[in-house]
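No lab work stands behind these numbers, since they all come straight from the coordinates. All figures in this text were calculated on a predicted structure; none of them were measured in a lab. With ideal geometry, Cβ positions are generated from the backbone for all residues, glycine too; neighbour counts draw on all protein chains shown.
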């Protein structure tokens, strides 16, 4: 059974391309550049995995993360981020508690993270 | 009566000359009484004044010299801090478009892999491999800078500095072997255990030893020394017998992207990052070098990490 993946990132070029590449690999992937639409889809489509850039305009990162978790219990959230800046730290977000990958990410690494394989996680 | 008058006149003349010399800033001049008791009080007062003036002036001169050194250090630190902010900002701005390039090239490769009927397909895939390799190269730089900027949380662990130095030599075994370099460790026994961020201290030492090995000629010597700098500070010095650093480069040594290594060998980030780390850990990093005399980098690490309020920039 192919996993349903939601890609949420305000950079359209980025998230649509990622979604397309995942589709080519058999995933049911959808891309969203706006948080409200993404949450709407999460509510109805119940994804297995959410790839999330926390820097979405007009949304507090922590709120977005928690809302997704409430809407879809058991969902695997992977933070896909350009950098982890002060805002996130100020929110007291313990990033260690979420798998996260830094952009740009190699597709193999991303796939491993989606499948929950041990070689996923942050590259140092 | 003539005799004492002459002596007085002589004394007054000597005193006047001495005072003129004082007025010109000579605090070494002293006057003699020539054994005459009546001049003794004046001479003693003058000489005491001179001693006092000499001491005050020399301590002032020392203070001014220190002030100049401190001012220079401050300007240097501020320059590096603002450079650090700029560099981290640029790295962030470059990183997102880089991620898009990575995905576009990746998708192109995905599509080509499926199309096994396409002529010259192998050539296209090879070209995409070339794009990917360059993306990786840029990614190495942006991630290093962003990863470094991100590391604000320190993990304090006990550090046996001598053991760490030995481990660092182990990490660099291959680089050392290729250069046939002689890396000697001169480790002070019984050093106290430091409490600091292990990974970050290690990164600094790896950078310094690697630089030293790269600086020496084939078969050259590198000496790493550990010691107690004072009751609360450890010092590690990495000396190389390389060509030394010309004075005009010393000031730029810790700037990001400053490198004199061959293209592709260094990014010019090692010393910049090391400098930031040592500042963050409440320590310091300094250099002594002269052309033809080799180079010594000295790292000072407080035994107990204490919070540095100052923003290290990146």
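Can you tell me how the range A:1-88 classifies by the Cα gyration tensor, rounded, prolate or oblate, using a/c under 1.5 as the rounded cut? Oblate. Between B:191, B:19, B:145, the GNM of chain B built on Cα springs shorter than 10 angstrom shows B:19 fluctuating the most.
How would you classify the range B:155-314 from its alpha-carbon gyration tensor, with a ≥ b ≥ c the square roots of the eigenvalues: rounded for a/c under 1.5, else prolate if a/b is greater than b/c, otherwise oblate?
On the way: a/c = 1.73, a/b = 1.26, b/c = 1.37.
Oblate shape, in that a/c is at least 1.5 and b/c is the bigger or equal ratio.
Comparing B:210, B:70, B:279 in a Gaussian network model of chain B (Cα springs below 10 Å), the most mobile by mean-square fluctuation is B:70. With neighbour counts taken as other beta-carbon atoms within 10 Å, the residues B:177, A:76 rank, fewest first, as B:177, A:76. Going from the fewest other Cβ atoms within 10 Å to the most, the residues B:262, B:157 appear in the order B:262, B:157. Relative to the longest principal axis of the Cα atoms of chain B, helix B:37-114 runs at roughly 10 degrees.
For the range B:251-281, the residues whose backbone nitrogen is under 12 Å from a point 7 Å from the Cα of residue B:72, taken along Cα to Cβ, are B:251. For the range B:1-61 and the range A:1-63, what is the separation of their Cα centres, given in Å? That distance is 90 Å.
Could you calculate the contour length gain from residue B:118 to residue B:186, that is, 0.36 nm times the residue separation minus the distance between their Cα atoms, to one decimal place in nm? Residue separation times 0.36 nm, minus the Cα-Cα distance, leaves 18.2 nm. Taking other Cβ atoms within 10 Å as a rough exposure proxy, B:138, A:15 sort from fewest to most as B:138, A:15.
Rounded if a/c is under 1.5, else prolate if a/b is larger than b/c, else oblate: which is the range B:147-238, with a ≥ b ≥ c the root eigenvalues of its Cα gyration tensor? Numbers along the way, then the final one.
On the way: a/c = 2.40, a/b = 1.38, b/c = 1.74.
Because a/c hits 1.5 or more and a/b fails to exceed b/c, the range B:147-238 counts as oblate.
Note on chain B: GNM, Cα springs under 10 Å; of B:273, B:101, B:245, the largest mean-square fluctuation is that of B:101. Quick note on the protein assembly as shown: its Rg to Rh ratio, both from C-alpha atoms and Rh being the Kirkwood radius, is 1.22. Rounded to the nearest 500, the 222 nm mean residue ellipticity of the protein assembly as shown from helices alone is -17500 deg cm²/dmol, with -39,500 (n - 2.57) taken per DSSP H run of at least 4 residues.
Placing dummy labels 7 Å off each Cα toward the beta-carbon, the span from residue B:55 to residue B:26 is 2.3 nm. What do you get for the angle between helix B:161-171 and the principal long axis of chain B? Use alpha-carbon atoms, 0 to 90 degrees, nearest ten. Approximately 40 degrees, to the nearest 10.
Here the simple spin-label model places points 7 Å from the Cα toward Cβ, and for residue B:133 and residue B:15 these points are separated by 9.0 nm.
With respect to chain B, whose longest principal axis is taken over its alpha-carbon atoms, helix B:270-280 is tilted by about 60°.
The alpha carbon centroids of the range B:237-251 and the range B:199-215 are separated by 15 Å.
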